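First up is the structure itself, then whatever we jot down about it.
Each value in this text was obtained by applying a stated rule to the coordinates, not by laboratory testing. Only a predicted model underlies this, so the values are computations on that prediction, with no experimental measurement involved. Virtual Cβ from ideal backbone geometry, glycine too; neighbours counted across all protein chains shown.
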Amino acid sequence: MVLSLELFAAAWLNPLLSGWAAMASVPPARETSSDEEDTVCMARLAAGETHALQPIFDRWKLPLLTYFYRALGSHADAEDLVLQTFARVHRAADRYRPEARFTTWLFAIARRELLHELRRQRRKPVEPVPPEDLDLSLVSGQTADPQRVREAEEHLLSALQRLPERERSALLLASSGDHSHADLATTLGVSPGNLSVILHRAREKLRVLLS
Amino acid sequence: MDQNPEPSKAKSRIDPESLLGARLRTVRPELDRRFEEMRRDLARTPRRPAWLEWLAARSPAQLGWAAAAAIVVAAGTVVFRPATQSGGAPDFDPAEYGELLSLNDALAPALPLADRDLRSAVIEMPVSPKS
């Protein structure tokens with residue numbers, strides 16, 4: 001009897017749980033051919049070629065800026081953090097090991113910088129960027145009414161500020177499409193299963209905050 | 001005449017959550033300029049060793065706590081160190097060791113018994129010899 005109950009539970013719960021985990025997980029990362037180039041640049045940087053920081057900056061400045069901007073709600077503060085992150089990358093270049101994906105390493109540094117900043121600064125009112133600064137090409141079904149975009153962006157930034165940092169970072173990095181589920185879990189220092197739970201919780205909270 | 005104004009209103013409404021996927025379009029030239037300046041500064045300044053980096057990354061409060069913990073551990077080591085007598089070998093005085101020396105002289109003839117083969121022979125010797 002006990003065995004049949006277990007079988008029943010397994011038959012019903014497993015598909016439900018796996019479906020739920022799939023919903024909460026991160027979509028596959030965009031294929032980037034820059035991984036190898038980043039690794040080469042890091043090796044050059046570690047050897048003392050400061051110029052090698054330039055291509056890394058060119059590739060990652062926008063994803064980092066977007067992450068910091070949405071996490072802090074301020075474009076100016078986000079720019080400062082982007083520079084601090086690259087200064088840190090330069091200083092830590094000789095400790096980078098190519099076994100880890102560069103994005104994982106970079107965003108782990110970025111998140112540490114963000115945490116320092118959040119500890120340092122008090123919460124400030126959000127300052128959405130002008131709608132024309134947002135690239136909406138990846139967002140389907142959007143009309144380009146600038147006023148509406150601005151309102152929606154302000155609403156989103158305010159809601160994001162009210163999420164715990166870990167949930168906010170998980171949601172922002174997952175939405176960026178630059179990270180696989182496993183990479184993002186490594187960046188945030190959690191297990192892939194735990195990341196699914198964090199993302200699910202973050203999406204639920206955000207939905208409530210935005211409704 | 002607009003019979004149903006709602007569809008157009010709904011069409012222009014934007015779901016804020018969908019903006020999560022929207023990136024910033026570009027960075028301001030100001031950021032590129034600041035990065036260029038920073039990169040030149042980094043090129044001029046030699047990279048600091050890892051331990052100095054670690055220290056620089058800590059806040060003053062963290063460093064204060066670490067220093068306090070180190071002081072407590074060092075003080076604890078000094079205070080609770082087991083007392084050990086670290087004197088050298090005592091001075092030799094024949095008068096003081098007279099009894100020991102005479103015992104040594106008495107036992108000296110039995111020294112060959114320390115030889116292993118001889119000791120085994122003695123041990124295995126019959127208790128009541130026939131002769």
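Give the order of A:LYS124, A:LYS205 when sorted by the count of other beta carbons within 10 angstrom, beginning with the fewest.
Numbers: A:LYS124 11, A:LYS205 17.
Result, fewest neighbours first: A:LYS124, A:LYS205.
Give, in nm to one decimal, the length gained when the segment between B:ARG33 and B:VAL79 is fully stretched (0.36 nm per residue of separation minus the Cα-Cα distance).
Details: separation 46, 0.36 × 46 = 16.56 nm, distance 5.75 nm.
Length gained between B:ARG33 and B:VAL79: 10.8 nm.
Based only on other Cβ atoms within 10 Å, what is the fewest-to-most ordering of A:VAL40, B:VAL127?
Result, fewest neighbours first: B:VAL127, A:VAL40.
Once you have all Cα-Cα distances for the stretch A:32-152, histogram them in 5 Å bins from zero and send the whole-percent values.
2, 10, 19, 19, 16, 14, 11, 6, 3, 1
Given H placed on each backbone N at 1.01 Å, which residues far from A:ASP135 in sequence or on other chains put an amide H within less than 5 Å of it?
Counting only residues 5 or more places away or on other chains, the set is B:ARG23, B:LEU24, B:ARG25.
For A:HIS179, A:HIS90, A:HIS51, what ranking results if the residue with the fewest other Cβ atoms within 10 Å of its Cβ goes first?
Values: A:HIS179 25, A:HIS90 20, A:HIS51 11.
Going from least to most buried by this count: A:HIS51, A:HIS90, A:HIS179.
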